[in-house]
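The values are calculated or read from the model by the stated rules, or taken from the named source; none is laboratory data. What you are looking at is a predicted structure, and each value in this text was computed from that prediction instead of being measured. Cβ placement follows ideal geometry from the backbone for every residue including glycine, while neighbour counts extend to all protein chains displayed. To get the accessible areas, we keep the full protein, side chains included, count just its heavy atoms, and leave off ligands, DNA and RNA. Shrake-Rupley method; radii C 1.70, N 1.55, O 1.52, S 1.80 Å.
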Amino acid sequence: MEGKNTVEAPRLGRPGWRDPRLLAGLLLVLLSVAGIVALVQSLDSSDGYWAAEQDLVPGEIVEPDQLAVVQARLGDASGDYLPADEPFPDHSSVVATVRQGELLPAGAVAAADPEARQPISLTVDDPLPDGTGAGARVDVWIAERDDSQDYAEPELVAPSAELAEVTEASGSFGASGGVTVQVLVGPEQLPQVLDAKGNGARISVVPSPVGR
């Protein structure tokens, strides 16, 4: 019986570095990794914005040590706040109270308060309601002393004034001395409020129904 001729199957050799299939596979892997890295970076990207290190009051120049840089992702709202990659404008104030920790709105910074308001410190006997703090609107009432040294009917002298600060006032020997508030008043109300302070008038500060 004649033997049959056998044909050996060709052996598959290991692909070399120059093999197009291996290079194509490596390229796909690199592109996949690069895409994942870019996606993670886009999700984790944040920008720096100026924020208040303490309550900022209109009429007072904002100093560098009153600011901090906060990283945040604001998306479409990024243009509404001051970016920290630009220097904060020198000799600038804010046009409305910015509370500690809040980002500085781009429209809140100006060379001077447009209403020319000034903060004035007042000590009042009656505590303010809980939650009434910087940025709230209050009405300032003054009761002048009459000739008999009694108090006259209170008069509203500064309606819907902005509250800049609230602190507990301390009396002698640590006793409570009421509440000290800083209220922003305009040039029309300022003389009357200062006169009331100097003449011992009764000054009351109550939340304004107008609100903030």
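A few comments on the model shown:
- The LEU28 and ALA68 beta-carbon pair, evaluated with R₀ = 35 Å, returns a calculated FRET efficiency of approximately 0.20.
- Counting only heavy atoms of the protein chains and using a 1.4 Å probe, SER46 has close to 50 Å² of accessible surface.
- Region 92-203: C-alpha gyration tensor shape, a/c 1.5 cut-off, then a/b vs b/c: oblate
- Accessible surface, 1.4 Å probe, highest first, among residues LEU56, LEU28, LEU194: LEU28, LEU194, LEU56
- Given their separation in residues at 0.36 nm each and the Cα-Cα distance between them, ASP130 and LYS197 gain 21.6 nm when the chain is fully extended.
- For ASP55, the amide hydrogen comes within under 5 Å of the amide hydrogens of GLN100, counting only partners 5 or more places away or on other chains and with H modelled in the peptide plane.
- Mean accessible surface per residue for region 47-158, computed with a 1.4 Å probe while every protein chain stays in place, in Å²: 57 Å²
- On a per residue basis, the convex hull of the C-alpha atoms belonging to region 41-108 measures out at 81 Å³.
- List THR132, THR97, THR167, ordered by accessible area with a 1.4 Å probe, largest first: THR167, THR132, THR97
- Probe 1.4 Å, all protein chains present, accessible-area order of GLU162, GLU153, largest first: GLU153, GLU162
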